[in-house]
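S.K.: Take this structure, written in structure tokens, and hold onto it; I'll ask about it next.
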Amino acid sequence: LPEDIQGFRNRVGRMRRDDAFFHNHDNSTEGLGKVLYRYPLIQYRSVQGQAHMVAFNEACPSLLHLADGDLQAQFPQATITCYPKHGLRKQYLRLLNSDQPLRVYKVLEYKPFSNQDYALYKRLPNFQARVSFLERTVERQFRAAIRALARVPTQEVLVQLADIDYFSKSTRVHGVAHLVCDIYIQTNVLVPDNLSIGNDVAYGFGVLIKK
């Protein structure tokens, strides 16, 4: 996990402590700082070595407000990308026609597993069992991301693991070793670059790029 992205997110989170879009914690009196287990609508990236933030749907006003004030003061080189709900659903997040070819996306620095699932993955008996486990994980996480952002009928969503660029890279996230890989997927859903799937997408893991 690049320390600069984690530090960037932590600093922005402190600047906007009362806005859960920035850190996925409920800091209200009732919430007591509990983690909100949901797809993060604001995500943090490093683009060519510079801080970058991406917002989806109803989180866009929060990011635009930050960009107009504190963000430039604290991080003058930072850039943002926003996908408002209307524009996102008008251009993307829709099913392709049945006669159209599946779209291929590369998923960069994909972190598929939680701590528990990674431990289970390592106990699987052979490579084929591990690939099958990864295939099921990719399908579940892709559909969850689509469901979080749009009303696409997920029962009609097709997604397949098409290829694995490498399968041995690991990284440490919050002090724990995790598998990270670049993969290719095929799907019948039109999605924008910057959509992310997997674990720790808030930190820049699992970004989709159209091939």
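S.K.: Which one is modelled with the lowest pLDDT among residues in the stretch 5-36 that are loosely packed, with under 13 Cβ neighbours inside 10 Å and either among the acidic types (Asp, Glu) or closer than 18 Å to LEU195 by Cα (or both)?
M.R.: My answer is GLU30.
S.K.: Collect the residues in the stretch 79-97 that are of a type outside the set (Lys, Arg) and free of Cβ contacts under 8 Å to residues at least 40 places away in the same chain, keeping them in residue-number order.
M.R.: Kept after step one, since they are of a type outside the set (Lys, Arg), are these residues of the stretch 79-97: 79-84, 86-88, 91-93, 95-97.
Across the stretch 79-97, the qualifying residues are THR79, ILE80, CYS82, PRO84, HIS86, GLY87, ASN97.
S.K.: Give the stretch 179-200 a look and list any residue that's part of a loop (DSSP other than H, G, I, E, B), within 19 Å of THR154 (Cβ to Cβ) and modelled with pLDDT of 90 or more, or say none. Spell out how you get there, then give the answer.
M.R.: Start the filter on the stretch 179-200 by keeping residues that are part of a loop (DSSP other than H, G, I, E, B), which leaves 180, 188, 191-195, 197-200.
Cutting the leftovers down to within 19 Å of THR154 (Cβ to Cβ) gives us 188, 191-192, 195, 197-198.
Hits for the stretch 179-200 are ASN188, VAL191, LEU195, ILE197, GLY198.
S.K.: Being assigned to a strand (DSSP E or B), open to solvent by less than 50 Å² (accessible area, probe 1.4 Å), more than 17 Å from LEU102 (Cβ to Cβ) and in contact with a Cys (Cβ under 8 Å, 6 or more places away or on another chain), is that true of even one residue in the stretch 161-169?
M.R.: yes
The values are calculated or read from the model by the stated rules, or taken from the named source; none is laboratory data. Predicted model only: the values in this text are computed from it and were never measured. Please note: Cβ atoms are built from the backbone with ideal geometry, for glycine as well, and neighbour counts cover all protein chains shown. Side chains included, ligands, DNA and RNA excluded: accessible areas come from the protein's heavy atoms. Shrake-Rupley method; radii C 1.70, N 1.55, O 1.52, S 1.80 Å.
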